[in-house]
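Notes for the one structure printed next.
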Amino acid sequence: MEIELKKEDIVLTGKIASKKIRVPVETDIIVPDSKPDIERVLQVDAGCSAENPEIQDERVLLPLTVNFQIMYMPESGEIKGMSSRVQMTDVAEVKNVAKNMRSSCITGVENVSYKLLNGRKISVRADVCVELCVFDEKNYSILSSAQADGIEIKTKPISFVKSDVSVTKD
């Protein structure tokens, strides 16, 4: 008796590792020549992003961009603003990860602080918080049906839930 088997390929994704990372970022920002001197700082804020983390064996390279925005008042009393960008790469040691895996990360900023050094220079600091998840995809072949003369096949449908969230910036 000959049995004809039909197989289908499926891909399952599983979380391999997750890690929370805190990276302190400090820089000095010089007021551009086109702007007046700082008399009083009104607000300092920061935002960050991690674009395309690179997974290597047992570690992940996180290219971070931190954008600082500063609102200040010069002697004239007219509110002014300026911004500065800091780019850096942090290395996160993560066990059980390899080059062929995928990752996702969520970034945030905490504890933004500043110190006015003089009217033309301000020192800013922020803690960048990164929640990193690394996933691995595995391919499996599953038996989806079988056919043969003179046999009865009992089947039961199964369902897989796939949730894949990815964000791309154009």
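The values are calculated or read from the model by the stated rules, or taken from the named source; none is laboratory data. Since the model is a prediction, treat every value here as computed from it, not as a measurement. Because the Cβ atoms are built from the backbone with ideal geometry, glycine has one as well, and the counts that use them run over all protein chains shown. We work out accessible area using only protein heavy atoms, side chains counted, and drop any ligands, DNA or RNA first. Shrake-Rupley method; radii C 1.70, N 1.55, O 1.52, S 1.80 Å.
One table, with the values for the structure above:
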item: Subset tally (residues that are closer than 24 Å to Lys19 by Cβ, in contact with a Ser or Thr (Cβ under 9 Å, 6 or more places away or on another chain) and not aliphatic (A, V, I, L, M)) for the range 58-80; result: 3
item: Cβ pairs under 7 Å, 6+ apart, first in the range 94-120 and more than 23 Å from Gln69 (Cα to Cα), second open to solvent by less than 40 Å² (accessible area, probe 1.4 Å) and of a type in the set (D, E, K, R); result: Met101/Asp136
item: Subset of the range 48-75 (residues that are in contact (Cβ under 8 Å) with a residue 60 or more places away in the chain and closer than 17 Å to Asp127 by Cα); result: Cys48, Ala50, Leu62, Leu64, Val66
item: Meets criteria (in contact with a strand residue (DSSP E or B) (Cβ under 6 Å, 6 or more places away or on another chain), over 30 Å from Ala17 (Cβ atoms) and of a type in the set (Ser, Thr, Tyr)) for Ser83; result: yes
item: Of residues in the range 70-110 being farther than 30 Å from Lys15 by Cα and under 21 Å from the mean Cα position of the chain (by Cα), the one most open to solvent (accessible area, probe 1.4 Å); result: Arg85
item: Residue list for the range 117-130, filter: surrounded by 15 or more Cβ atoms within 10 Å (Cβ to Cβ) and of a type in the set (Gly, Ala, Ser); result: Ala126
item: Any chance Tyr114 is aromatic (Phe, Trp, Tyr) and open to solvent by 80 Å² or more (accessible area, probe 1.4 Å); result: yes
item: Some residue of the range 7-16 being at negative phi, among the hydroxyl-bearing types (Ser, Thr, Tyr) and open to solvent by less than 80 Å² (accessible area, probe 1.4 Å); result: yes
item: Residues of the range 17-48 classified as closer than 24 Å to Leu62 by Cα and open to solvent by 100 Å² or more (accessible area, probe 1.4 Å), total; result: 3
item: The one condition in (1) acidic (Asp, Glu); (2) part of a strand (DSSP E or B); (3) without any contact (Cβ under 8 Å) to a residue 24 or more places away in the chain that Asp45 fails to fulfil; result: (3)
